[in-house]
1. For the range 243-256, what are the residues that are within 21 Å of Phe147 (Cβ to Cβ) and crowded, with 16+ Cβ neighbours inside 10 Å?
2. Does Glu279 count as crowded, with 16+ Cβ neighbours inside 10 Å, over 26 Å from Met138 (Cβ atoms), at pLDDT 95 or above and charged (D, E, K, R)?
3. Can you tell me how many residues within the range 96-119 are closer than 20 Å to Ala75 by Cβ and aromatic (Phe, Trp, Tyr)?
4. Tell me which residues, restricted to the range 1-50, are under 23 Å from Thr88 (Cβ atoms) and either touching a strand residue (DSSP E or B) at 6+ places or on another chain (Cβ under 6 Å) or among the β-branched types (Val, Ile, Thr) (or both).
5. Without any contact (Cβ under 8 Å) to a residue 40 or more places away in the chain, out of contact with any Phe, Trp or Tyr (no Cβ under 7 Å at 6 or more places or on another chain) and of a type outside the set (Asp, Glu): does that describe Val167?
6. Can you work out which of the residues in the range 1-46 that are of a type in the set (Gly, Ala, Ser) and crowded, with 20+ Cβ neighbours inside 10 Å is nearest to the chain's Cα centre (by Cα)?
7. In the range 156-183, which residue that is more than 16 Å from Asp9 (Cα to Cα) and of a type in the set (Val, Ile, Thr) is surrounded by the fewest Cβ atoms within 10 Å (Cβ to Cβ)?
8. Looking only at the range 136-172, count every residue that is assigned to a helix (DSSP H, G or I) and within 21 Å of Asp187 (Cβ to Cβ) and tell me the total.
Amino acid sequence: MKHLLKLGDYSEKEILSILNLADQLKYEKKHNIEHHYLKGKTLGMIFAKSSTRTRVSFEVGMYDLGGSALFLSNANTQLGRGEPVEDTARVLSRYLDGIMIRTFDQEEVETLANYGSIPIINGLTDYAHPCQVLADLMTIREFKNTFKGMKLTFIGDGNNMCNSLIVGCIKVGMDVAVACPKGYEPDADIVAWAKETGKFTLTTDIYEAAKDADVLYTDVWASMGEEAEAEERKKVFAGYQINSSLMAVAKPDAMVLHCLPAHREEEITAEVFEAHSEEIFEEAENRLHAQKAVLVKLMKEQYQENSK
């Protein structure tokens, strides 16, 4: 593992190794066991998109691991004034031990990786959100104990979350169903891959998708950068809600996940959200543990390779 750009680059074995380490790090943190695996390391965090969970979890994660994190926004760096990503990658590689970037274009993340000489972590793009899905998988395994035979249903916009969930869940052996309005489907290449690789359903019917689901998942109807479309999207997605009637067609012990922030009474009712809040906020906490595992896997191994 050199970078985390998208989950499609990872094998099932590599994903599971991250999740196993995340479980270990979570246990150690809960029991106040010091794990300074990245002592003296510095992570640069580039934010073109604002964040709560991503910034706090990566910053706290680096502190827990004995390193430090440096916040960099487009507004306060030369990236915001038009410096090429290629140049930024080569400069920051001489100062830092790793970079996490949260931005719009997947190409920007890929370019950082191509021109830099340190690990690059995709904290979110419009195409993919691998860090969130690693936390989601960690949470599913905590509550369900396995991935095999499990079905995850995603309801809503075929966005970055949907793209990464399809890939991550199928990679670990889960079935996936997606219900979204026409014109809002997930990435076409990912859909084609999913149909060839695993058991995958794409439909406009939320009840068809949710039938016998073990996990129901949703996200906001208008993602960051789509605020101008918010009112139109409310009309398009009006029927794409996780509510009690949808829960009734899923398995009786189905869990509900949401990457947050949640808009109650839009993509999910307050009743369902609160009934499954333990799962949802455990999922949010697991961003910290899963990302720490990614940091250790990438930055500790990188250090060992460079020191040989």
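The values are calculated or read from the model by the stated rules, or taken from the named source; none is laboratory data. Keep in mind it's a predicted model, so treat the numbers as computed, not measured. For neighbour counting, all protein chains shown are included, and Cβ atoms are generated from backbone atoms with ideal geometry for every residue, glycine included.
1. In the first step, residues of the range 243-256 are kept if they are within 21 Å of Phe147 (Cβ to Cβ); the result is 250-256.
Passing the criteria: Ala250, Lys251, Ala254, Met255, Val256.
2. In short, no.
3. Count: 1.
4. Across the range 1-50, the qualifying residues are His3, Leu4, Leu5, Thr42, Leu43, Gly44, Met45, Ile46, Phe47, Lys49.
5. It is false that Val167 is without any contact (Cβ under 8 Å) to a residue 40 or more places away in the chain, out of contact with any Phe, Trp or Tyr (no Cβ under 7 Å at 6 or more places or on another chain) and of a type outside the set (Asp, Glu).
6. Here the answer is Ala22.
7. Val178
8. 14
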